[in-house]
Amino acid sequence: MIPYNTFCTNCKTLKHRVELACSACKRNSSDVKILPVTKTHPLEAIEYSAEFGFDAVGENKVQEAVAKIQQAQIQKSKALSVNCELIGHLQTNKAKKAVEYFARIQSVDSIKLLEKIDAEAKKLDKKQRILLQINAGRDPAKFGAEIEEAPALLERALQLNNLTVEGLMTIAPLDENLDSARRCFANLREIRDMLSEKFAISLSELSMGMSHDLEIAIEEGSTMIRVGTFLFGERHYL
Ligand SMILES: *Cc1c(COP(=O)(O)O)cnc(C)c1O
């Protein structure tokens, strides 16, 4: 694990990248949130994030996140002061744990999963915040609902009482050429605008952009970039 000082330097450099990207497209940098992605890193990564002042972190596996949160509970760690957001694929059989531990689930991509999350949230008397993950880059290697499925997915989500849909999420295709990332991000924004008009709701969160493509995501309207490697270094599989 990198020392806290290095993490702070990385945070400042990242904020500078965000500011440059925002000023290039005349956006306000306070409209782009940074979600530190702590997956594969130990509990300290969440503690660093809390210490620096972030209010949420991203984890991509339910089990890994739950293990860290439980460790934090035992140690009464300051990591408990940040929310955890699920950014990785969720299987329906883990929906119960996900609802229990995550403030927001960004990776909701099927009607079956929507219904399961809603049912589990109801049991806990919770309104679960979610994003709909759309495979806006039409990448066969990525999870996410197909673009054409998005309206039906949102329509169902809006019928369920224990869900709050706050926006959309996507992961760009892995490609040296950032043109496909740009197209993916622009697609997500267009899908959001279309859905927002059709269903008369705001869907204000556009979670898109990672360490290597965040400037492009910001140009295309991202409101949340999910950043792991740039902040914490290479992934360490626990
Ligand atoms: C790991 C991960 C990230 C962070 O990626 P980096 O390239 O390490 O910044 C962002 N989003 C999702 C869904 C991830 O799984």
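All of the numbers you see were taken from the coordinates with simple rules; none came from a lab. Worth saying up front: this structure is predicted, and the values here are computed from it rather than measured. Cβ: placed from backbone, ideal geometry, glycine included. Neighbour counts: every protein chain shown.
General observations
- Those lysines that a straight Cα-Cα span of less than 25 Å connects to K112, excepting residues fewer than 8 apart in one chain: K61, K94, K96, K97, K122, K123, K126, K127, K142, K198
- The stretch 152-238: chymotrypsin sites (Phe, Trp or Tyr not before Pro) in DSSP loop, at most 14 other beta carbons within 10 Å: Y237
- In straight-distance terms, cross-link reach from K76 covers every one of the lysines whose alpha-carbon lies under 16 Å from its own, apart from those fewer than eight places away in the same chain; here that gives K68.
- Placing unit charges on the Cβ atoms only, positive for Lys and Arg and negative for Asp and Glu, gives the stretch 1-130 a dipole magnitude near 200 debye about its Cα centre.
- The stretch 130-223: GluC sites (Glu not before Pro) in DSSP loop, at most 16 other beta carbons within 10 Å: E146, E176
- Descending principal axes extents, the stretch 116-238, alpha-carbon based, whole Å: 41, 37, 25
- Nearby lysines by direct alpha-carbon distance to K12 (threshold 19 angstrom, same-chain neighbours under 8 apart not counted): K33
- For the stretch 167-216, the relative contact order is 48 percent, taking Cα pairs closer than 8 Å that sit 6 or more residues apart in sequence and dividing their mean separation by the residue count.
- Trypsin sites (Lys or Arg not before Pro) within the stretch 46-132, DSSP loop, no more than 16 other Cβ atoms inside 10 Å: K76, K126, K127
- Diffusion coefficient of the stretch 154-221 by Stokes-Einstein, Kirkwood radius over Cα pairs, 10 °C, 1.306 mPa s: 124 µm²/s.
- Kirkwood Rh, Cα atoms: Rg over Rh of the chain: 0.95
- The label-point distance for I74 and K112, in a model that sets each label 7 Å from Cα toward Cβ, rounds to 3.5 nm.
- Label sites at K33 and E51, each approximated as a point 7 angstrom past Cα along Cα to Cβ, lie 2.3 nm apart.
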